[in-house]
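Heads up, the thing below is written out as structure tokens.
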Amino acid sequence: MSDFRRGDHASADAFFQHLVETSTDGLWLIDFDGRTVYANARVAEMHGISVSELGGLSVFDVLDDRGKESFRGHLERLRAGMVEQDDEESLLVRRDGTGRWVLVSSQAVMHPTSGEPCVLLRLSDFSRRRQERDELTRAKAAFAEARDSAVAESQQKSEFLATVSHEIRTPLNGVLGLNELLLATDLDDEQRRLATGVGQSGRLLLELVSDVLDFSKVDAGRLDLEEVEFDVRVVVDQVVDPVREAAHGKGLGFSVSYDDLDHRVVRGDPTRLAQVCGNLLSNALKFTDEGRVDVVVSSEAVGEATRLRVSVVDTGIGIDGDAADVFAPFQQADSSTSRVFGGTGLGLAISRDLAEAMGGEVQFDSVVGRGTTFWFTCLVAPVDAGHAAPSTDAVRATTQVPRRVLVVEDNEVNQMVARGFLHSLGHSVETASDGLAAVALLGRDSFDLVLMDVQMPRLDGYATTRRIRSAEPAGSRIPIVAMTANAVAGERERCLSAGMDDFLTKPVDREDLARVLASWVGDKPPAVAPATRPPVLDRARLALLADEDLGGADYLGRVLGRFETGGPAMVTAIEDARTVEDLQFAAHKLAGTAANIGFGRMADVARDLEEQARGGAVRAPDALLEDLRAALGESLDALAALRS
């Protein structure tokens, strides 16, 4: 091989010429009018012409109209001395009309002999990589579509659960509530026996509905856990008391013991703990005809947490080791079990999922004919010994002070139940059939607490609460407690975010109602900081904008002036929205604009509209639009006052 460094220029020229001509990339030297100065054979191959035709070829001969326009701008930038750093994808049009995607890199160079400025193009075949990228893009789009479809299906399932929950629990609230009121009257023995049977059947139906809904929520990954302080013994005793009576009624022995319970007061989910405990106790009582049922509660430290263990021991029929998985949904010991003993076969499946969600497990030991021991564990956080959870007796004691309660409920039977419970607790009651009537009543009368249904005609519970909060004077806040039949994930959070203070799930019983009343209107209500209502006009935000120097003097004045004309137009765009997508976009635009300027109340209502539109449906749109118009009027009035 010749040594190019020693001056063998002829060999070097030949070698580099060979490299250029055999390059897998097209190398194309053009002038600033796009005409060919030099091109290697690869350029001819890419365009589908012979090498001899390269001399008359212009770069504009191989581009489509869009490519031509883009390349003219590219040449102008190069002529101006600008450096193009990135390669560009271009569609090269072959002589036969087909296209080939190439990756083009370019740089301005000087012609080696004439000294004229030229452009050197390197064309790399990009067709295969672009095809792979397009296939990947299509795959991602298909995945995104499948994901969105799954999300939409999950949303539909959640909405279906909410509907089922509401439609079943609403009449159940009336049945169980009226029956409880009936049992509190003077009845003869036969009437009491019949009324007691109605109550038992209603509670069984409620358990069935709750099991199906809970299983559906777990299956959909929508199970939420609470984090509150509670007394373990109080919670377990509340579950055990009715079972003890039932056990004695069957002639069974029954006991509860608390062994090595290091912390009585803990932080966790008492409702789910009680639910699992109740499921295991219910099964033990159901499958035990003689002998006894015993409950043992213990705890042990696990790092900084506490592991609770509840064991339920019975002397019942036992479980055959060859039986199918007892934790499988709808599974019973045999096909006749559900007919003999009743039940859906969901209790153990739900209990296992709940225990696992709480960081524990459910297991069992059993001998056929001798009995079964089921136990479950869960992790809770210990609370300082000096910090005691309120007892049930304390709750009952604080409900005796007479209070005025407003019940907002569109169902007449549920109104009757709430009125009966409240009267029995010593309170006076007024009722309103919808949100508009409630707002009117609160405007002319005073109450200690509001029980608020959620789904109502004309103005639902969320919008009603927002309207009540917006009309409250500074420093004043009436407790509002949601009463909803929507026992689905996220409902509590939605009620609280609308401005409510607490949450009751229908059917509401007298004990739950007494507890809530004690919490909010008892002698010693909990120290809860009231949620602050956004101001109509945030003067701190205006002061910040006034300090900005963006685009010259009086920046704030120009911004507010644009809002005076643009704000009403944005509200009109929301009113005219024909789809939820249009509504979400228009509400998002208004929320951002209003928040940026400092119109907090308007931004809050617009965000609510945006969030509901994102979920695919808007509850009580007329009421929300009315709130939005009111917020706009308040904002413009505040702006006029500021200017004056």
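The values are calculated or read from the model by the stated rules, or taken from the named source; none is laboratory data. Please read these numbers as outputs of a predicted model, since none were measured by experiment. Here Cβ is always computed from backbone atoms with ideal geometry, including for glycine, and neighbour counts include all displayed protein chains. Each accessible area value is taken on the protein alone, full model and side chains, heavy atoms only, with ligands, DNA and RNA left out. Shrake-Rupley method; radii C 1.70, N 1.55, O 1.52, S 1.80 Å.
Values for this structure:
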quantity	calculated
Conditions (1) surrounded by fewer than 14 Cβ atoms within 10 Å (Cβ to Cβ); (2) modelled with pLDDT under 80; (3) not basic (Lys, Arg): number failed by residue 213	(1)
Selection status of residue 276, assigned to a strand (DSSP E or B) and buried (at least 20 other Cβ atoms within 10 Å of the Cβ)	no
Number of the condition not met by residue 518 [criteria: (1) under 21 Å from residue 225 (Cα atoms); (2) at pLDDT 80 or above; (3) in contact with a helix residue (DSSP H, G or I) (Cβ under 8 Å, 6 or more places away or on another chain)]	(1)
Within segment 12-49, tally of residues that are open to solvent by 50 Å² or more (accessible area, probe 1.4 Å) and either in contact with a Cys (Cβ under 6 Å, 6 or more places away or on another chain) or polar (S, T, N, Q) (or both)	4
Search result, residues across segment 456-471 that are touching a strand residue (DSSP E or B) at 6+ places or on another chain (Cβ under 8 Å) and under 13 Å from residue 409 (Cβ atoms)	456, 461, 464
Criterion violated by residue 324 - all others in (1) of a type outside the set (Phe, Trp, Tyr); (2) at pLDDT below 85; (3) not assigned by the TED database to the domain that holds residue 243 satisfied	(3)
Residue in segment 464-481 that is outside any loop (DSSP other than H, G, I, E, B), open to solvent by less than 10 Å² (accessible area, probe 1.4 Å) and farther than 23 Å from residue 515 by Cβ present	yes
Residue in segment 437-444 that is touching a residue at least 12 places away in the same chain (Cβ under 8 Å), in the same structural domain as residue 420 (by the TED database) and outside any helix (DSSP H, G or I) present	no
Residue under evaluation residue 573, criteria (1) closer than 15 Å to residue 633 by Cβ; (2) at pLDDT 85 or above; (3) surrounded by 15 or more Cβ atoms within 10 Å (Cβ to Cβ), criterion not met	(1)
So residue 359, is it modelled with pLDDT under 80, under 35 Å from the mean Cα position of the chain (by Cα) and assigned by the TED database to the domain that holds residue 298	no
Residue list for segment 421-460, filter: on the phi > 0 side of the Ramachandran plot and out of contact with any Asp or Glu (no Cβ under 8 Å at 6 or more places or on another chain)	426
Yes/no for residue 458 being of a type outside the set (Gly, Ala, Ser) and open to solvent by 40 Å² or more (accessible area, probe 1.4 Å)	yes
Filter result (closer than 28 Å to residue 359 by Cα, in contact with a strand residue (DSSP E or B) (Cβ under 9 Å, 6 or more places away or on another chain) and open to solvent by less than 20 Å² (accessible area, probe 1.4 Å)) within segment 232-261	232, 236, 240
Selection count where residues are open to solvent by less than 30 Å² (accessible area, probe 1.4 Å), under 22 Å from residue 171 (Cα atoms) and touching a strand residue (DSSP E or B) at 6+ places or on another chain (Cβ under 7 Å), scope segment 411-455	11
Flag for residue 559 being β-branched (Val, Ile, Thr), part of a helix (DSSP H, G or I), modelled with pLDDT of 80 or more and open to solvent by less than 40 Å² (accessible area, probe 1.4 Å)	no
Cβ-Cβ under 7 Å pairs, at least 6 apart or on other chains, segment 262-282 side over 18 Å from residue 353 (Cβ atoms), far side polar (S, T, N, Q)	262/299; 262/306; 263/299; 263/306; 266/306
